[in-house]
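Worksheet: one structure, shown below.
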Amino acid sequence: MGPLKGLKVIEMAGIGPGPFCAMMLSDMGAEVLRIDRADAVGAKGERDPRFEVLNRGRPSIALDLKKPQAVETVRRLVQQADVLIEGFRPGVMERLGLGPEDCAKVNPKLVYGRITGWGQDGPLSQAAGHDINYIAITGALHAIGRAGGAPVPPLNLIGDFGGGSLYMLFGILCALWERERSGKGQVVDAAIVDGVNSLSSFLFGALARKGWVNERGKNVLDGGRPWYDSYETKDGGYICIGPIEARFYQLFLEKVGLADAGLPDQNDPAGWPVLRERFTALFKTRTRDEWCALLESTDACFAPVLSPLEAPLHPHNVARGNFTEVDGVLQPVPAPRFSRTKPEIAGPASRAGQKTRAGLAQWGIPENEIQALIDDKVAIQAAV
């Protein structure tokens, strides 16, 4: 039912941003076939696939890409595909005989998505790295953290998933739109550093107009303002406030009983230490739930700071149906939403190679050829 129903995607198995991109495509209705390495089947330490939420909604087949028959099988699949996603270091797919030029020979309309940390070229393109390294050279990591403290890693949300997966998705959909006019596919080079640089456009504009101090914890959105920060409550929980606009700030003061307390002006830096001291003491006088009862659903720009275990239970998330169970595992539902073509999770993840026979058959490979590939250990069918 999703808006991408009918789109056929090949995912070369990887970690992090590639699987998240493929998961979102599957959630939106695309038919995604995940190709795992043969040695991933039954590998030591393999986790229960139910918990591999990023791999949900698509079958996994396993091929030994060191064998020419496996490479030829992928090329046959490419002939039918609209999109291919890979996240290897630059040059790996070319050495396998499955680079963009190889695939374009069998399907010139293919959109070939390449997601890496550093990009397909540049002095760092062959270096190993992870989210923290990629966001470090963009300036984003430098900007996150408390004043006087070290930069704080923001999970892997900004790099892997924000600057990586979502920019890959955007690039793929742009290329598909352009293909409707040109009839030609193209390569999407989605580098995490490029995406995070793009995400930082506001920051660079603020720096240029001297609306941002190049120090952590000194700015309006990084905890540098007492009225845009999180505070501990009486029971050891945390809440956050963000009434930037004057009318919201005034309402906040009225709600918490400080409107007539003779506080310094909101935008007077000299008074911020006083405001922070007062707010810190104030929020410790009530529990988190008590503050929620007073401030939630108002224009005070307030919210409780929930843990990932608490978030699914919040009434707003419950009302919008933001979480669901798949094979007994609680997880977020697809986003965004559509008025007609409702996205849905196509099912739980499968083990590496668990759907080799069924996946190849679904993409039109005859049963006798599938059996020959399995017999020759070109394709591996994992035990169900």
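To the nearest 0.05, how large is the calculated FRET efficiency for LEU306 and ALA383 if R₀ is 45 Å and r is the Cβ-Cβ distance?
Working from the Cβ atoms, E equals 0.70.
Please state the equivalent ellipsoid semi-axes for the range 238-304: what are the square roots of 5 times the Cα gyration tensor eigenvalues, largest first, in whole Å?
19, 14, 10
Under 5 Å between amide H atoms, partner at least 5 residues away or on a different chain: which partners does THR324 have, H built in plane at 1.01 Å?
GLN331, VAL333
Using the Karplus equation 6.51 cos²θ - 1.76 cosθ + 1.60 (θ = phi - 60°), what ³J(HN,Hα) coupling, rounded to whole Hz, does each residue of the range 358-363 give in order, writing x for Gly and Pro?
Once rounded to whole Hz, the list reads 5, x, 5, 5, 4, 9.
Among residues other than SER350 whose Cβ falls under 14 Å from its Cβ, what is the net charge (Lys/Arg +1, Asp/Glu -1)?
With Lys, Arg at +1 and Asp, Glu at -1, the net is +2.
Each residue of the range 307-312 in order: what ³J(HN,Hα) in whole Hz does its phi give by Karplus 6.51 cos²θ - 1.76 cosθ + 1.60, θ = phi - 60°, with x for Gly and Pro?
Residue by residue, the range 307-312 yields 7, x, 6, 7, 3, x Hz.
Give the Rg (one decimal place) followed by the Dmax (whole number) of the range 82-144, computed from C-alpha coordinates and expressed in Å.
Taking only Cα atoms of the range 82-144, I get Rg and Dmax of 14.4, 46 Å.
Going Cα to Cα from LYS255, which lysines come in below 27 Å? Please leave out same-chain ones fewer than 8 positions away.
Output for LYS255: LYS218, LYS234, LYS284.
Taking H placed 1.01 Å from N in the peptide plane, check which residues at least 5 places from LEU7 or on another chain put their amide H under 5 Å from its amide H.
Residues meeting the amide H criterion: GLU31.
Relative contact order for the range 238-304 using alpha-carbon pairs under 8 Å, separation at least 6, rounded to a whole percent?
This gives 55 percent for the range 238-304.
With springs only between Cα atoms under 10 Å apart, run a GNM on the chain and tell me which of PRO123, PRO151, PRO332 wobbles the most.
PRO123
Across the range 250-384, how large is the tail of the calculated P(r) beyond 19 Å, expressed as a percent of all Cα pairs?
71
Once the Cα atoms of the chain are picked out, what are the Rg and Dmax in Å?
25.0, 83
Given H placed on each backbone N at 1.01 Å, which residues far from ILE144 in sequence or on other chains put an amide H within less than 5 Å of it?
VAL152
If packing is taken as the average count of other Cβ atoms within 10 Å, what order do 355-361, 49-55, 207-213 fall into, highest mean first?
355-361, 49-55, 207-213
To the nearest 500 deg cm²/dmol, what mean residue ellipticity at 222 nm is calculated for the chain from DSSP H runs of n ≥ 4 alone, each contributing -39,500 (n - 2.57), summed and divided by the residues?
Rounded to the nearest 500, it is -9500 deg cm²/dmol.
Pairs of alpha-carbon atoms within less than 8 angstrom and 6+ residues apart define the contacts here; what relative contact order does the chain have, in percent?
It rounds to 23 percent for the chain.
Quick one: if you stick a label point 7 Å off each Cα along the C-beta vector at ALA281 and GLN362, how many nm between them?
The modelled label-to-label distance comes out at 6.3 nm.
What is the helix-to-structure angle for 17-27, meaning the angle in degrees between its Cα long axis and the longest Cα principal axis of the chain, kept from 0 to 90 and rounded to the nearest 10?
80
Which of ALA319, ALA136, ALA352 moves most in a GNM of the chain, Cα contacts under 10 Å?
Per the Cα network of the chain with a 10 Å cutoff, ALA319 tops the list.
Working out 0.36 nm times the residue gap between ASP260 and HIS142, then minus their Cα-Cα distance, what length gain in nm do you get to one decimal?
Using 0.36 nm per residue and subtracting the Cα-Cα distance, I get 38.6 nm.
Only bridges whose two residues both fall in the chain count here: according to DSSP, what percent of them are antiparallel, nearest 5?
40
Starting from the Cα-Cα distance between LYS44 and ASN267, subtract it from 0.36 nm times their residue separation and give me the gain in nm to one decimal.
74.5 nm
Residue by residue through the range 259-272, which ³J(HN,Hα) values in whole Hz follow from phi under the Karplus form 6.51 cos²θ - 1.76 cosθ + 1.60 (θ = phi - 60°), with glycine and proline marked x?
Going residue by residue, I get 4, 10, 8, x, 6, x, 4, 3, 9, 9, x, 5, x, 4 Hz, with x marking Gly and Pro.
List the relative contact order of the range 168-226 as a percent without decimals, with contacts defined as Cα pairs under 8 Å and 6+ residues apart.
Relative contact order of the range 168-226: 18 percent.
Can you compute the charge dipole magnitude of the range 258-373 about its Cα centre, using +1 on each Lys and Arg Cβ and -1 on each Asp and Glu Cβ, nothing else charged? Give it in debye, rounded to the nearest 20.
The calculation lands at about 380 debye.
Select from ASP131, ASP194, ASP39 the residue whose mean-square fluctuation is largest in a Gaussian network model of the chain (Cα-Cα springs shorter than 10 Å).
Of the options given, ASP39 has the highest mean-square fluctuation.
No lab work stands behind these numbers, since they all come straight from the coordinates. All values reported here derive from a predicted model rather than from experimental measurement. Reconstructed Cβ throughout: ideal geometry from the backbone, glycine too, with neighbour counts over all protein chains shown.
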